[in-house]
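Just below is one structure, and these are the notes that go with it.
The values are calculated or read from the model by the stated rules, or taken from the named source; none is laboratory data. Everything numeric in this text was worked out from a predicted model, so none of it was measured. Please note: Cβ atoms are built from the backbone with ideal geometry, for glycine as well, and neighbour counts cover all protein chains shown.
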Amino acid sequence: MFNNKSFTLRNFAGDPVSGTISVSSGGSNATFQATSYIAPNGTYTATLTTEITDLNGLSMSENYSWTFSTGEGDTVAPTVLYTNPWADSTDVSPNVIVSATFSESMSLPTLNSDTFQLLDAVSNPVDGAITASPNRVTLTPTNPLEGNALYTAIITTGATDEAGNPLENDFTWSFTTATPDTTPPTVTSTSPANNETGVAIDGSLTVAFSEDMDITSITGDTFLLEDSEANPVIGVISNGNTFKPYANLALNETYTATITTGATDLAGNPLAQAYSWSFTTTQDGIGSWSATSTINAPSPRKEATAVWTGTEMLIWGGENGTRLNTGGRYNPASDSWQAMSTNSAPGGCSTPVSVWSGTEMIVWCGRITSDGRGGRYNPATDTWSDISTDNAPGAVNYTTAVWTGTEMIVWGGYGSTYSNSGGRYNPATDTWQATTLTGAPAPRVSHTAIWSGSEMIVWGGDGGPFVNIGDTGGRYNPATDSWTAVAASGFLNNKVGHVAEWATTTMVVWSGNDNSGRYNPLTDSWNGVATFNPIIDRDYPLSAWTGEQMIVWGGKIFEPLNSGAAYNPTADSWNLMTFSNAPSGRIDAVSVWTGTEFIVWGGEDWTGALTNTGGRYRFP
């Protein structure tokens, strides 16, 4: 057997060297691993004693010994390669963590408060915690350092490497901390602005400061909102500069917001004095809302798709944590729902696109959970039929689709990469034809596409990381399978989160009061869109064209909104939609225009909850 009696290792003085013994699985090889120091330039003797036996219990006939000598070992002194801060640094943060990086692995027990110190200008040591890793030692001061003060760090020769070699000399370096910030912060701007009128009741308050603030100091105790009778408004504070009321504000009411002196900058300086400003909310808008029934409605979801058939709103797909292949048919005349068949429906799908062909809802799937990337639903027979995938576009996520009267054109989106390819689907022949890439706009997602009657017009979007789509778009003519570039507007800056509608002769793009325009393809030119104070800038609202006006509703800034307005491009003017009985603010919902009503359904509210509620809006 092998153990510490049957196998020993001794140094030149005859002292035993401690270690562990391991034996191979066959028992024919044994290994000794020293656990104590093996000195350089030393002579060692290993001995196997007669206590070793074979498998039959027979011992060795005599002890067996051999001698070997060690080499010189590591005699190179460690050095300091880098420090933080650098030597002679100035304007160093008082919250600095001081550290040094060594040229080799160090003996961790030798890196301690005796060998690593930080001294102030009069050589008093600074209290702090020291932590060490093999190549690095750090000192974290217990309290912030004094401002505009000289400090010196010292690592003494008591610090050694793993072989016991010390630094050749004490290593010192100095740095100077920054001058303390004693300037109080100020409020530079607010939204809404002071004395602003016509403010949306479903928005947020934001404030900008003259410098970075300690966001933990801006709370419900230091960012206050009160109505005209000094009643507090309850809300949530985010990002250190935004107040979002839990509920819509009152109509035609004056509110006062206050930032108190409890708000401080990063150096702890409070506002010199409290800052207050007032604003007045808008009066109510026109029209009326009524809720859609939830009896037999599809399950709550977001990112579904919807079409209007002439008598029903068809909703399909989306997701609720799982990609769905279910849908529903809503009849506004009876305010009733009917489930859509799932027999032969496409696989579970989120971010689908769809068109109404006149007899069928044609769906092209985004992210799917099973085979089948599209389908055609016939409400007259409540049946699905497959769509061919031969020559179909490769991108499946966040595409756009338009109906030409005979074909569905799908373009852009994301597959394995951002795409500028597309396809034309003909339901009469169940065939696809690729759209040409010659002259096509750059690859993108989150763009918009409309059908003008003869062309698909694409604009805006996101080209992916480090790609600037810019103020770009394209016009695709299926009759000639050709693209024509859309002129840059020169003033549209928000390229994602916008909506677009074809308004008889122009494409209206809206993404906020400063990021909207009207494009005329006959002159390849842009005009602006009138601003309208209650309809604040937002991302991803819903939209519809009524034949005379473009409805914009919902979307989000920091949280989902439930305000909306109708834009008349002929008069370049807006009408605010009523807030009374409007659906709750939401994003990723669906909407349709029936010819008399704007119907909103589903989506995600500001708490992140999904809904299967909706609303119907009618003009007066």
Selection status of residue 28, outside the structural domain of residue 152 (by TED's automatic domain parsing) and surrounded by fewer than 11 Cβ atoms within 10 Å (Cβ to Cβ): yes
Residues satisfying the stated conditions in the stretch 192-208, i.e. buried (at least 19 other Cβ atoms within 10 Å of the Cβ) and in contact with a strand residue (DSSP E or B) (Cβ under 8 Å, 6 or more places away or on another chain): 192, 199, 200, 201, 204, 205, 207
Any hit, the stretch 543-551, residues being within 28 Å of the chain's Cα centre (by Cα), on the phi < 0 side of the Ramachandran plot and among the charged types (D, E, K, R): no
Condition broken by residue 596, with the remaining ones in (1) buried (at least 22 other Cβ atoms within 10 Å of the Cβ); (2) hydroxyl-bearing (Ser, Thr, Tyr); (3) not in a strand (DSSP E or B) satisfied: (1)
Within the stretch 105-134, tally of residues that are more than 17 Å from residue 86 (Cα to Cα) and part of a loop (DSSP other than H, G, I, E, B): 14
Strands (runs of 3 or more DSSP E) fully within the stretch 544-591 counting 3 or more residues that are under 18 Å from residue 502 (Cα atoms): 550-553, 564-568
Residues being surrounded by fewer than 16 Cβ atoms within 10 Å (Cβ to Cβ) and part of a strand (DSSP E or B) - total across the stretch 434-450: 1
Which listed residue is closer than 30 Å to residue 281 by Cα and part of a loop (DSSP other than H, G, I, E, B), from 169, 143, 194: 194
Residues of the stretch 464-516 classified as touching a Leu at 6+ places or on another chain (Cβ under 7 Å) and surrounded by 20 or more Cβ atoms within 10 Å (Cβ to Cβ), total: 1
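One line per residue, one yes/no per condition, for (1) under 29 Å from residue 578 (Cα atoms); (2) outside the structural domain of residue 102 (by TED's automatic domain parsing):
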residue	(1), (2)
144	no, no
182	no, yes
192	yes, yes
196	yes, yes
207	yes, yes
213	no, yes
222	no, yes
Some residue of the stretch 77-93 being assigned to a strand (DSSP E or B), within 60 Å of the chain's Cα centre (by Cα) and among the small types (Gly, Ala, Ser): yes
Any chance residue 445 is of a type in the set (A, V, I, L, M, F, W, C), closer than 24 Å to residue 351 by Cβ and touching a residue at least 24 places away in the same chain (Cβ under 8 Å): yes
Residue that is under 28 Å from residue 145 (Cα atoms), out of contact with any Asp or Glu (no Cβ under 7 Å at 6 or more places or on another chain) and in the same structural domain as residue 236 (by TED's automatic domain parsing), where the choices are 266, 249, 271: 271
Residue match in the stretch 507-519 (condition: in contact with a Gly (Cβ under 9 Å, 6 or more places away or on another chain) and basic (Lys, Arg)): yes
Residue that is surrounded by the fewest Cβ atoms within 10 Å (Cβ to Cβ) [pool: residues in the stretch 32-58 that are modelled with pLDDT under 80 and of a type in the set (Ser, Thr, Tyr)]: 35
Hits in the stretch 451-463 - residues which are free of Cβ contacts under 8 Å to residues at least 60 places away in the same chain, crowded, with 21+ Cβ neighbours inside 10 Å and either over 11 Å from residue 418 (Cβ atoms) or over 28 Å from the mean Cα position of the chain (by Cα) (or both): 456, 458, 460
Matching residues in the stretch 388-422 - criterion: being farther than 16 Å from residue 459 by Cα, at pLDDT below 95 and surrounded by fewer than 22 Cβ atoms within 10 Å (Cβ to Cβ): 388, 389, 390, 391, 392, 394, 397, 415, 416, 417
Residues located in the stretch 59-74, provided they are in contact (Cβ under 8 Å) with a residue 24 or more places away in the chain and either of a type in the set (D, E, K, R) or surrounded by 13 or more Cβ atoms within 10 Å (Cβ to Cβ) (or both): 70, 72, 73, 74
